[in-house]
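**Student:** Let me give you the structure first, and then I'll get to my questions.
All of the numbers you see were taken from the coordinates with simple rules; none came from a lab. For clarity, every value in this text was computed on a predicted model and none was experimentally measured. Heads up, the Cβs are rebuilt from the backbone with ideal geometry, glycines too, and the neighbour counts pull from every protein chain shown.
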Ligand code: ADP
Ligand code: ZN
């Protein structure tokens, strides 16, 4: 039932027609909000009726700052009495952002997540455990309603408490879990530390991982530790939450659901579209949202369209594993580096564990990078072995990031680990 064949495999021209029809509805709906009605008037877009998908380019981008400065209800396109849920992101730098949902919005979102989960093999006979935080973090309720919609037995375990997570997985014959990558690793380690092998001792077959950037190497590691297939899932609260794009069984890129969003990829500096297949910033327009439509929303997430068709038969375009957010980029000595490039190298060394921390610091007149990485269980205190290993890692990192970082191997479980998304970079530089 959640294999929506007609839509998922729709011929591209028909899919574009559907997008055009929904874009017209979205723009009409957006006009009902304070923010867009004023903006459209200012830009003389209020009389424009969209004739083709190209017309979307006439509309300005919407940014997180726009959401913040029209906090809390400037984007509401229906009366608040008709809204049934509000999600808000934490406001560490000024006002938080608010996303409003009508019941129809929540239904569409649940269907979208159910579609993703069905695609990677979840059925009503499965037992699904969600290890993400609930509350405002949309990975909680988003997966909860998606899995329930599909009919799976769903366990809202929420974040943390690894002993309890493991007990549930064992006692309830859990087959599928959702976790952020850093937590998937911790859960796997929890099993091994208790003398259990999740590959043999659990019924787990499938893992959905997302919410933070992770490398292909990290995915492979997690798959072999837990004995599962791991599928990359992408979403953000501004676009409902999880389910915006999801990997199919090919495990080579994420189908972005083009009946729910129009996706563009632009150069983050010039804001012009990049050439097909090139990396840029993902920009999304909602197509089925009634309470709070967003037009050309700049996600700040960097990815690319994967050219060509997918052998799974779905026609919705695929985007590549995320490189990170534009604001995750480290600029050190004039070189641009993404933490994910560092992770990719570290994960290739079986001597290394899964936790690492990049610290940027000013030493004398120079800015330097220190990479602390935990050793795996193969820990040895033989100084010359460790020294050799450090040298090899440094060498490979230099090839990847074109700078020589300081590498420090530390004991397992000695780096800080929070409950939410992992903090990989600490910037202690002067003048930043
Ligand atoms: P916050 O902005 O507080 O992190 P969200 O929970 O809405 O709020 O997080 C959305 C962001 O998480 C995305 O914009 C993206 O940067 C990141 N993200 C989500 N899924 C993935 C994924 N599969 N790979 C990489 N990054 C992801
Ligand atoms: Zn596919």
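**Student:** May I ask for log10 I(q)/I(0) of the range 126-262 at q = 0.10, 0.15 Å⁻¹, from a Debye sum over the Cα atoms as equal point scatterers with solvent left out?
**Tutor:** Log10 I(q)/I(0), no solvent term: -0.30, -0.68.
**Student:** Rank 300, 16, 164 by mean-square fluctuation in a GNM of the chain with C-alpha springs under 10 angstrom and give only the top-ranked residue.
**Tutor:** 164
**Student:** Compute a Gaussian network model of the chain, connecting alpha carbons closer than 10 Å, and tell me which residue from 259, 55, 382 fluctuates the most.
**Tutor:** 382
**Student:** If you don't mind, another one. Quickly rank 169-181, 39-51 as a protection proxy: mean count of other C-beta atoms within 10 Å, highest first.
**Tutor:** 169-181, 39-51
**Student:** If each of residue 365 and residue 329 carries a label point 7 Å out from its Cα toward its Cβ, how far apart are those two points in nm?
**Tutor:** Between residue 365 and residue 329, the label points sit 2.8 nm apart.
**Student:** Moving on to the next point. Estimate the FRET efficiency between residue 309 and residue 216 by the formula 1/(1 + (r/R0)^6), using the beta-carbon distance for r and 22 Å for R0, to the nearest 0.05.
**Tutor:** In this case the efficiency is close to 0.55.
**Student:** Would you mind putting 152-160, 282-290, 191-199, 316-324 in packing order, based on average other-beta-carbon counts within 10 Å, highest first?
**Tutor:** Final packing ranking: 282-290, 316-324, 152-160, 191-199.
**Student:** Considering only DSSP beta bridges with both partners in the chain, what is the antiparallel share in %, to the nearest 5?
**Tutor:** Antiparallel bridges make up about 60 percent of those DSSP assigns within the chain.
**Student:** Additional query: Taking the Cβ-Cβ separation of residue 411 and residue 278 as r and a Förster radius of 30 Å, what is the calculated FRET efficiency to the nearest 0.05?
**Tutor:** 0.10
**Student:** Roughly what % of DSSP beta bridges within the range 138-248 run antiparallel, to the nearest 5?
**Tutor:** 25
**Student:** Which whole-number value in Å³ per residue fits the convex hull of the alpha carbons of the chain?
**Tutor:** 151
**Student:** Starting from the Cα gyration tensor of the range 103-150, take the square roots of the eigenvalues, sort them a ≥ b ≥ c, and report rounded, prolate or oblate (rounded when a/c is under 1.5, otherwise prolate if a/b is larger than b/c, else oblate).
**Tutor:** Verdict is oblate for the range 103-150.
**Student:** Which value at 222 nm does the chain reach when only helices count, each DSSP H run of 4 or more adding -39,500 (n - 2.57), with the total divided by all residues and rounded to the nearest 500 deg cm²/dmol?
**Tutor:** After summing the helix terms and dividing by the residues of the chain, the value is -9500 deg cm²/dmol.
**Student:** Provide the FRET efficiency to the nearest 0.05 for the residue 428-residue 136 pair, computing r from the beta carbons and using R0 = 35 Å.
**Tutor:** E between residue 428 and residue 136, to the nearest 0.05, is 0.75.
**Student:** Can you put 248, 312, 116 in order, fewest other beta carbons within 10 Å first?
**Tutor:** 312, 248, 116
**Student:** Run the simple label-point estimate for residue 5 and residue 54 please: 7 Å along Cα→C-beta, distance reported in nm.
**Tutor:** 3.6
**Student:** Run the quick spin-label model on residue 403 and residue 224: label points 7 Å from Cα toward the beta carbon, then report their separation in nm to one decimal.
**Tutor:** 3.0
**Student:** So, in Å, what gap is there between the alpha-carbon centers of the range 211-237 and the range 348-411?
**Tutor:** 23
**Student:** Which value in Å does the Kirkwood hydrodynamic radius of the range 361-432 take, with 1/r averaged over all unlike C-alpha pairs and then inverted?
**Tutor:** 14.1
**Student:** Here is a further query. When the C-alpha atoms of the range 184-232 are aligned to their principal axes, what extent does each axis show, in angstrom, from largest down?
**Tutor:** 30, 18, 16
**Student:** Right, another one. Roughly how tilted is helix 162-171, in degrees to the nearest 10 and between 0 and 90, from the longest Cα axis of the chain?
**Tutor:** 80
**Student:** May I ask what percent, to the nearest 5, of DSSP beta bridges between residues of the range 330-428 are antiparallel?
**Tutor:** 60
**Student:** OK, next. Within 10 Å of each residue's Cβ, count the other Cβ atoms and sort 22, 388 from fewest upward.
**Tutor:** In increasing order of surrounding Cβ atoms, one gets 388, 22.
**Student:** Would you mind checking the tilt of helix 216-226 against the longest principal axis of the Cα atoms of the chain, expressed as 0 to 90 degrees and rounded to 10?
**Tutor:** That works out to roughly 70 degrees.
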